[in-house]
Amino acid sequence: MSSQFTHLHFHTQYSLLDGANKIKGLGKILSAMDYDACAITDHGNMHGAIEFFQEMKKSSIKPIIGMEAYVALGHRTQRKYARSGPNAFHTVLLCENREGYQNLIKLASLGYTEGLFYGRPRLDHEILEKYNKGIIALSACLGGELAKRLRDGEEEEARRVAKWYSEVFEDRYYIELQANGLVEQDQINPRLIQVARDLDIPLIGTNDCHYPTRDYAEAHYLLQLMGWQKKVTDPGVRPLQTSEIYIKNEDEMKQAFKELPPECLTNTRIVTDRCELDLVNKKYFLPDYPVPKGMTLEDELVKDSEQGLEERLLKLNILYEWSEEEGKKKRTEYFERLEFELGIINQMGFPGYFLIVADFINWSKNNDIPVGPGRGSGAGSIVAYAMRITDIDPIQYDLLFERFLNPERVSMPDFDVDFEVEGRERVINYVKQKYGKERVCQISAIGSLKAKGAIKGVGRVLDFSYADADKIAKLIPDDLGITIAEAMEKQPLLKELAEHGTEQEQKLLRSALALEGLNSNLSTHAAGVIIMNSPITDVMPICTQTNGDGTQSMYTMKYAEDQGAVKFDFLGLRNLTVIDRAVKLINEHRAQDDQLDIALISMKNEETFQLFCRGDTTGVFQLESDGMKALIQKLRPDCFEDIIALVALYRPGPLGSGMVDDFVERKHGRQKIVYQHPMMEQVLEETYGVMVYQEQVMRTVQVLAGFSLGGADILRRAIGKKIPEILAEQRLKFVDGCAENDIGADLSNQIFDLIQKFAAYGFNKSHSAAYALISYQTAWLKANYPVEFMAALLTTDINRPESVVKLINECRNMGIPVLPPDINESDLIFTTHSGKIRFGLNAIKNVGITALNSIMEAKRSCTRFKGILDVFSNIDTSKVNSRVLESLTKSGVFDSLEGNRKRIMEGMDEVLALAAAEKSMVRENQVSFFDLLSEEEEEKSRTKLELPDISDWKQKTRLKYEKEALGFFISGHPLDPYVEEIKALGRIVTTQQLKTEEKSFNNREAVNLAGVIVNTVIRLTKTNKQMAVLTFEDQWGAIELVVFPKNFPAVESFLNTDDPILINGNINNFGDSLNVVVEKITPLPEIRQERAALIRIELPEELEQEAVQKIKKVFDQFPGGCSVSMSVLTEQKCRVNLKLQEKVLACEELVNELDEIIPLKNLSFRYAASKEKVANNFREMVNA
């Protein structure tokens, strides 16, 4: 029997941070309540429509697709209402039929593209009049226009609104009543009934469902606060108002509405019966690819691929050095494979897809946008290779077409394409121009509250301190996809907090459990682009991108494809940018007829494999982690096939299974290679008998059991899905096939078990091969052109300071000097000069592209700047303002013209004024005033332009400003003067070690770090105690430090120091990121003052006697217990060490005074005791 009531106002988790009804499993919940229909009416969007439709259909419940729209007060495009005031009313819209669905798509889309205001996609009366056919409208909740007008005392306006809706939605408009326990609702219901009676408009009852059961009310309230970005303790935040807006059964609804007109509930049945909509789709909306008149898509594909393969074979002949006879055989082999693939592609109806992909990829390549060699199983297609969709030879590396497109299992092909990061948007814009921007969009992605995110989010609204909420969140193990419930089983402390913690802690975990998994935010799919043969909004709704000005499908990828969208993946890969920039730098110094083509490099380059064997793979794609470096050194690869295997093997499954160790041991002959059957050798020989690839699974069942490769792919998929019935069927087929080759049932079953085991770890060889090619190319560049390669890496990573620090250190290890930016020598990006790398001007902060372009233009017009005034006179100071010039000065860009940066800073206003005066003397077709003077007169005139005669900044200040301007230190590091101190303190852990070896550090393990604090954030705990989060940096990178309240008073005075410091702390690695809890901070100058036993001064050769006397005076100013020795250069050019009688205090003031006389690099300190003793002494001092 049909239920007499239907929920027609119903919010799912797609009402982001408001709806708490998960769609998955909703059908069972409604069926258990005997409902046979339900609506979905999420706030302003249709994100969940298809998922809801499918979920309802699984439980034989009629899905009613709708939306609770926001309707603007005035026109949807107006943007002048205050954020705090109402700028839109609610209206529930339900699809009556297919026409209504199409109109709702238009409305939902226009709400975003034309009406978006403060995050709300708004409609207005104008477009409701245009797109209302097939849509039923309800007046909505207290936020509806009718209810709001009545509450505000606007009786006549309320009636006008009701009449307008009833006329526009003729016989499809209902005045909505709710019985939700809100006082305001009880007060307004009689007035709504009166309007309905007076205007003869039917009533309808809803419960505005937001969560599944009454128990969820409190968690839902906290969810709303998360959406509003409020805390329970914030002024003006109202407490929980009702716990009634859950999914009530029919009896509960009757009870709630017992005082209201009975037709409120029975009318929901009428509406339900009126709504009929089927969203099952079996079509693809593939865009139309233009072909010449008289040709079909199939003809065009055959022509282009045959022509492309001819061009490929010319290059392969050079690359592989085939003999004439080999070349003929290979040509036959390649064209036979091409003919086979073309037959399948055309038979399955996908020639257009290949032509479209080839078109935008070839446009990219022809427009200097690097494209990856392939990604995923598409690299197994010779047609794709011939058409330049992919760039790795599938026949050479035995890559299987059937792994990509299986003729025995019809599904849409799917090419994933990597583009250079900066060019990706250009490619998308090209596609929009070619097919029409209304037919192209990106795809929505919906983020959800994961375990840690739910705890942190709830903790924030409950006003937990950052530290307290973070501490609880970090109890969640760092396992992918783990839930809070699973974490409680693994982490007893978390369970203890949930059951016996404080009331607030229990509330936090209880609420987080309830909210975990709910949708939380809208974003854009990282790669997916939809291209259709008609406007997207003819098929599905769109919304605006959260970042950028484009559009994206309102449906997420799975449901967009379900509705016929054809998805193309446009991914950005920074390593392609690196390769492209490196090749361009290399070709700048090569003749036009000798330009490097990265596609034609030897795959047997000795220097490259030596680099692999050394594990020297920092910067090499996919191979730069410490674990991978260790594996490479064990494997010692000597052929490209080994690199393909490395990419496939370095994953948790294979590493944990022992197969990686087998692979290494067998390669080096330390373990015997065993094949379960001799016929398997031809398949597994290249991987030493270890089944590494999915393609090897397919080849094995083909060779042993006579499967077609299409059938083998079906078996591979069946193993992956682990469905017992299908696996049993495939096993029987395999055993029967093996019997045809005289392989007994026992052995064939053993082999099937082996296949099952390895298939769980097997990787797509096509993907491995394509990515291994990028790995090889980057390694080849590093091995053969290290300077250009590192310069390209630095340019690509310029906005990632920590990476730049790491790369600069890598350059130092490689013996490559990295020179600071220079006004005459630098280009925009990092460049190479005589085996050195020069910083680019785009590395300097606060210097925008307009200023940079102006500087580059001035550099082109003036061959070389001769002095500071020359620079300032030639640049456009309206574009290169004083703030930009300050950043340039701090970065050291003018050092070659004036090494004293402080003089430039102090004299900048005067120089700018003089430069402006000179410019004002230049008129069109006239020469500069200085051009009228002789060289001698000009020189005399310019002597008046002297900078202030002052000393430069101390090294510490120079470095501070350098860091401010560049984001990192380049000419030195604050730790450089303290090398001896750091050595003397025993084991100092580097930030690099903490990050790359974090698993080897135990939680709460004591560690010492030396470095500088580069950022300090002070926070208040819930009890109003101060704590701090610090960014701490050494020469190798940065890491987060935390100072908890108990230690804050003791270290507070050091939190803003510029001095290098020593941190004594404990490892905190509960969660997905490691940090250090600070116990003690000691400035390194203080350690030097306490512990230095000897100061050694190396006197420069050219130092005058007067300077020596100055040094002695400085010693007299700072008496102490530290001995002094001087290294003096004799007339015979020998150095003699002289121990002085004076003893001094090795304080920072002493060092600063000496800095005025001699370079700091000539000053060093020694410690008399052993390192261990000094370290022990220091620990005693720290613990005192």
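We did not get these values from a lab; they are worked out from the coordinates using the rules stated. Please read all numbers here as calculations on a predicted model, not as lab measurements. Glycine gets a Cβ as well: all are built from the backbone with ideal geometry, and neighbour counts include every protein chain shown.
Figures for the structure shown
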read-out: Segment ASN97-GLU1148, extension gain: residue separation times 0.36 nm, minus the distance between their alpha carbons; value: 370.2 nm
read-out: Correct option for volume of the Cα convex hull per residue in Å³ [calculated from the coordinates] among [x] 265; [y] 433; [z] 340; value: [x]
read-out: Relative contact order of the range 344-428, pairs being alpha-carbon contacts under 8 Å that are 6 or more residues apart, as %; value: 33 percent
read-out: Size of charge dipole - the range 641-703 - debye, nearest 20, with Cβ of Lys, Arg +1 and Asp, Glu -1, no other charges; value: 140 debye
read-out: Near-label residues of the range 788-832 by backbone N, under 15 Å of a point 7 Å along Cα→Cβ of ASN547; value: 799-800
read-out: Distance (nanometres) between label positions extended 7 Å along Cα→Cβ at LYS254 and VAL1017; value: 5.6 nm
read-out: Relative contact order (%) - criterion: Cα under 8 Å, at least six apart; region: the chain; value: 7 percent
read-out: Fewest-first sequence of SER766, SER708 by Cβ atoms within 10 Å of each Cβ; value: SER708, SER766
read-out: Sparse-neighbourhood loop sites, GluC sites (Glu not before Pro) in the range 1117-1148 - DSSP loop, at most 13 other Cβ within 10 angstrom; value: GLU1131
read-out: Chain lengthening between ARG636 and LEU655 when straightened (0.36 nm per residue, less Cα-Cα); value: 5.1 nm
read-out: Dipole magnitude (debye, nearest 20) for the chain, charges at Cβ of Lys, Arg, Asp, Glu; value: 1920 debye
read-out: Selection from GLY27, ALA69, HIS677, by position along the positive dipole direction of the chain (Cβ); value: GLY27
read-out: Dipole of the chain, positive direction: furthest Cα of GLY848, ALA645, VAL1077, with charges on the beta-carbon; value: VAL1077
read-out: GLN194/LEU480 FRET efficiency (R0 35 Å; Cβ-Cβ; nearest 0.05); value: 0.05
read-out: Rg and Dmax [Cα atoms of the range 656-754; Å; Rg one decimal, Dmax integer]; value: 13.8, 41
read-out: 28 Å Cα-Cα reach of LYS434 towards lysines, excluding residues that sit fewer than 8 places from it in its own chain; value: LYS106, LYS282, LYS283, LYS293, LYS303, LYS365, LYS558, LYS567
read-out: Computed P(r) (all Cα pairs; the range 577-779; 5 Å bins; percent); value: 1, 7, 14, 17, 16, 13, 10, 8, 6, 4, 2, 1, 1, 0
read-out: Cα centroid separation, the range 12-60 to the range 816-844 (Å); value: 58 Å
read-out: Two-site label geometry, THR332 and GLU167: point separation in nm, points 7 Å out along Cα→Cβ; value: 8.4 nm
read-out: Relative contact order (percent, whole number), the range 577-779, Cα cutoff 8 Å, 6+ residue spacing; value: 25 percent
read-out: Sparse-neighbour loop sites [GluC sites (Glu not before Pro); the range 219-277; at most 14 other C-beta within 10 Å; DSSP]; value: GLU259, GLU276
read-out: Qualifying GluC sites (Glu not before Pro) in the range 1001-1072, DSSP loop, other Cβ atoms within 10 Å at most 12; value: none
read-out: Calculated FRET efficiency for the pair GLU588/ILE849, C-beta based, R₀ 22 Å, to 0.05; value: 0.45
read-out: C-alpha center-to-center spacing [the range 651-704, the range 751-781] in angstrom; value: 12 Å
read-out: Inter-part distance where the range 1048-1127 and the range 343-374 are each reduced to a Cα centre, Å; value: 62 Å
read-out: Furthest towards positive pole of dipole, GLN750, ILE719, TYR771, structure part the range 708-790, Cβ charges; value: TYR771
read-out: Under 17 Å from the Cα of LYS954 - lysines, other chains or at least 8 residues apart; value: LYS890, LYS902, LYS963, LYS1161
read-out: Calculated [θ] (222 nm, deg cm²/dmol) that DSSP helices of n ≥ 4 give over the chain, each run adding -39,500 (n - 2.57); value: -13500 deg cm²/dmol
read-out: Approximate spin-label separation VAL979-ASP368, in nm, with each point projected 7 Å along Cα-to-Cβ; value: 4.3 nm
read-out: Label-reachable residues, the range 800-843, where backbone N falls under 19 Å from a point 7 Å from SER971's Cα toward its Cβ; value: 805, 808-809, 817-827, 837-843
